[in-house]
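The values are calculated or read from the model by the stated rules, or taken from the named source; none is laboratory data. All values derive from a computational prediction rather than experimental measurement. Here the Cβ positions follow ideal geometry from the backbone for every residue, glycine too, while neighbour counts run over all protein chains shown. For accessibility, only protein heavy atoms count, side chains too; no ligands or nucleic acids. Shrake-Rupley method; radii C 1.70, N 1.55, O 1.52, S 1.80 Å.
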Protein chains: 2
Amino acid sequence: MTTQTRATLEDVARLAGVSSKTVSRVYGGAASVSPTTREAVLSAAKRLRFRPNTLARSLRSGGVTNTVAFVIGDIRNPFYFHVAAGIERELAERGLTMILATTDDSPDSESVVVDALIAQRVRALLLIPISDDQSYLEGERQLGMPVISVDRPARDLVADAVVLDNRSGMAEAVRSLTAIGHRRIGFVSNPSEMYTLHERLTGYREALREVGVTDTARWERLDNDPSITAEEAVRSLLESDDPPTAIVTGNNRATTGAMRVLRERGGDVALIGFDDFELADMLGISVVAYDTMELGRAAARLTLERLDDPTGFTRQVVIPTRLVQRGSGEIPPPAA
Amino acid sequence: MTTQTRATLEDVARLAGVSSKTVSRVYGGAASVSPTTREAVLSAAKRLRFRPNTLARSLRSGGVTNTVAFVIGDIRNPFYFHVAAGIERELAERGLTMILATTDDSPDSESVVVDALIAQRVRALLLIPISDDQSYLEGERQLGMPVISVDRPARDLVADAVVLDNRSGMAEAVRSLTAIGHRRIGFVSNPSEMYTLHERLTGYREALREVGVTDTARWERLDNDPSITAEEAVRSLLESDDPPTAIVTGNNRATTGAMRVLRERGGDVALIGFDDFELADMLGISVVAYDTMELGRAAARLTLERLDDPTGFTRQVVIPTRLVQRGSGEIPPPAA
DNA sequence: AGCCGGGATGTCAGCGTTGTCTCGACGTGT
DNA sequence: ACACGTCGAGACAACGCTGACATCCCGGCT
């Protein structure tokens, strides 16, 4: 009574009394099939619970699937999944499916994971680069596979990319602090990815240089040693000979860490974080915010663009940031 | 100079001077190939940038892919993502890939989305059911497709499931409140899914009945009207004739809402939320917590189990909850 | 010398689908 | 009555791969 095996075009054709090609035509759309035949086919298909086999279809039609891969480092990071959400949304509108793959933040596994995806003949590749060389993708690119780099540019590979306006976002934050009189401003970052850190740090230095502060090294705490937490970094800053009157952080984990320390110490040090986070409004934390989902959407749009025009010039899309003032960033320095 | 089309087994075979079957054997693993030949094949493959075509392989070998689908309502919900993370982790260890699909919380699109996934011949189907009838999956189940229901049981379908211990989790929370003297306890929930809401509400009522409180209706605010926010619900509760001295919430959005209202009113009403959330520790909010990733991991393990033993009895895994006391839930009633 | 076993390789067909080509039937215009 | 175009439908091959089976060669045994 139960079908042991899945129905194929042939099965449907046999039941409907037509050839398999006719069934194919019914599903394929375009070609001409008489209404009577179409009906017969559809009812047979329904009876057999027929589902066209996308695999076979893809194989026949030049190996093109409707699947796009998004490669991320660590799926637990909420940042990544907001981006993924944006991608998924935008792709779904074009009937593309997103498949998510992770490298567990291990640079070595990046190319392994990507290889597996290519073996699955994904239609395009979106990735947050973590290895320091993406040149292994050059061949794919030449074969027409769109490669889109997200959150940071690819290394040694010409590829479309979507990045944040890291530098000016951070500069804006620091300027808002110097505007109210701060000069000694700390920069704290958790171990984090080189590119974004570098850009944000540059923005920080630029903004301070504008008000004549050039020797910022003593206020920079960017330990890439994962054993040193942002909390410790902030404590060491505040206990130094020349403690800052304000702190900016390089990412949201650092912001939370800094927040905890500043809270327990009482609140006269200003704080502005990079990356918005839930409940930041409630906690009164000023941040450099941006539309995380839009980062994904933009990446997806770039993908579609590249699919439509494989030989076009590669583009880099920059997502703007904005300073959200909620209190913590508007605390003036002690002696004004 | 650039290969215009992707290399196939044939191409590699020709270059290596062997038959395509031999190349297949090199990649397939098991069979015996002399070291010399293997070398020749591998170097030819490398030269041609050959990547085996998983699609073709799957097609040939009975249409089985290594892809598992996870169907969720709204990808922006962080809850889903933690679950997805758990699934991905657990599946990756077995070489399975997770593909994420969303229904945009529209019950009607559930079966459409699932259909598309089946057309892709996914190996198993994990879903957070949102339509009120999953019987359309019965055929697939009979064809041996594992169907795992996550966070709530499937409707009208025998399927493995992973759920939270909603009822006793909530009961524990309420008991902790009655233990310190609360009797008038409000239950506030945002519009949310029926099953979990029902279970949690039942736990709430049970715990109150244990201390002789049976008429709880006046303290229940479970508007499924999305236009009524949790904030409003809490306000209306507090302004009623018989205001509660403590509030429990049915999900994390409701918790945040309640928290905001209680904060602005000053803090003599106790609050325990269902679902943990980031920074809850910092805000001192007591919650019923559970391991979100574990929910996903358990679902994935169930999937693997069902793949290994397609005819075994279906199981329901219950993820335990635990009460995390952080202050807001330990506020005693005014007149103790 | 003749036979057997087994390792290394090849041949062939077919997985489910669709592109290409072909064929028959029917309608139209002269 | 005949040529011609159009439309619906089928036959066949092929997409890239692997399972089943065949073949070949060589060492070891009687």
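Across the range B:237-251, coupling constants 3J(HN,Hα) worked out from phi with the 6.51/-1.76/1.60 Karplus curve, θ = phi - 60°, read 4, 5, 8, 6, 4, 10, x, x, 9, 8, 9, 10, 10, x, 6 Hz, and Gly and Pro carry x. A protection proxy built from the mean count of other Cβ atoms within 10 Å ranks the segments A:34-46, B:114-126, most packed first, as B:114-126, A:34-46. With a 10 Å cut-off around each Cβ of A:42-49, the average count of Cβ atoms from other chains is 1. Counting only DSSP beta bridges whose two residues both lie in the protein assembly as shown, roughly 10 percent are antiparallel. For the range A:166-289, rounded, prolate or oblate, judged on the Cα gyration tensor with a ≥ b ≥ c (square roots of eigenvalues), a/c < 1.5 rounded, else prolate if a/b > b/c? Taking the square roots of the gyration eigenvalues as a ≥ b ≥ c, the range A:166-289 is rounded. With label points defined 7 Å past Cα in the direction of Cβ, position B:Glu10 shows copy-to-copy spacings of 2.2 nm, given to one decimal and shortest first. Chains B and A together bury roughly 5200 Å² of accessible surface, counting both sides and using a 1.4 Å probe on protein heavy atoms. Applying 1/(1 + (r/R0)^6) with R0 = 60 Å to the Cβ-Cβ distance of B:Asp242 and B:Val158 gives a FRET efficiency near 0.85. Distances between copies of B:Arg315, taken at a point 7 Å out from Cα along the Cα→Cβ vector and listed shortest first: 5.1 nm.
Evaluated with a Cβ-only charge set (Lys, Arg +1; Asp, Glu -1), chain A carries a dipole of roughly 1980 debye about its Cα centre, given to the nearest 20.
Solvent-accessible surface of the range B:270-323, taken per residue with a 1.4 Å probe and all protein chains present: 41 Å².
Per residue of peptide A:254-264, the mean number of Cβ atoms on other chains within 10 Å of the residue Cβ is 1.
Taking a straight Cα-Cα cut-off under 27 Å and skipping sequence neighbours fewer than 8 places away in the same chain, the lysines within cross-link reach of B:Lys21 are B:Lys46. Stretching the chain fully between B:Ile228 and B:Val64 yields a gain of 54.3 nm (0.36 nm per residue, less the alpha carbon separation).
Dipole of the protein assembly as shown computed with +1 at Lys/Arg Cβ and -1 at Asp/Glu Cβ about the Cα centre; of B:Ala173, B:Leu42, B:Pro310, farthest Cα towards the positive end is B:Leu42. Computed with a 1.4 Å probe over protein heavy atoms only, the accessible surface of the range A:148-252 comes to 39 Å² per residue.
Across the options A:Leu208, A:Pro191, A:Ala119, the greatest Cα extent toward the positive end of the charge dipole of the range A:86-222 (unit charges at beta carbon of Lys, Arg, Asp, Glu) belongs to A:Leu208.
Across the accessible surface of the protein assembly as shown, with the other protein chains kept in place and a 1.4 Å probe, carbon and sulfur atoms take up 49 percent. Taking every protein chain into account, the accessible area of the range A:1-119 amounts to 49 square angstrom per residue (probe 1.4 Å). Label-point distances for A:Asp74 to the equivalent site in the other copies, using a point 7 angstrom along Cα→C-beta, read 2.7 nm when ranked shortest first.
For the range A:281-295, a drop of 50 Å² or more in accessible area on going from the chain alone to the assembled protein chains (1.4 Å probe) is found at A:Met282.
Peptides B:79-87, A:7-15 ranked from most to least packed by the mean count of surrounding Cβ atoms within 10 Å: B:79-87, A:7-15. Near B:Ser328, once Lys and Arg are set to +1 and Asp and Glu to -1 for all other residues with Cβ below 12 Å from its Cβ, the sum equals -1.
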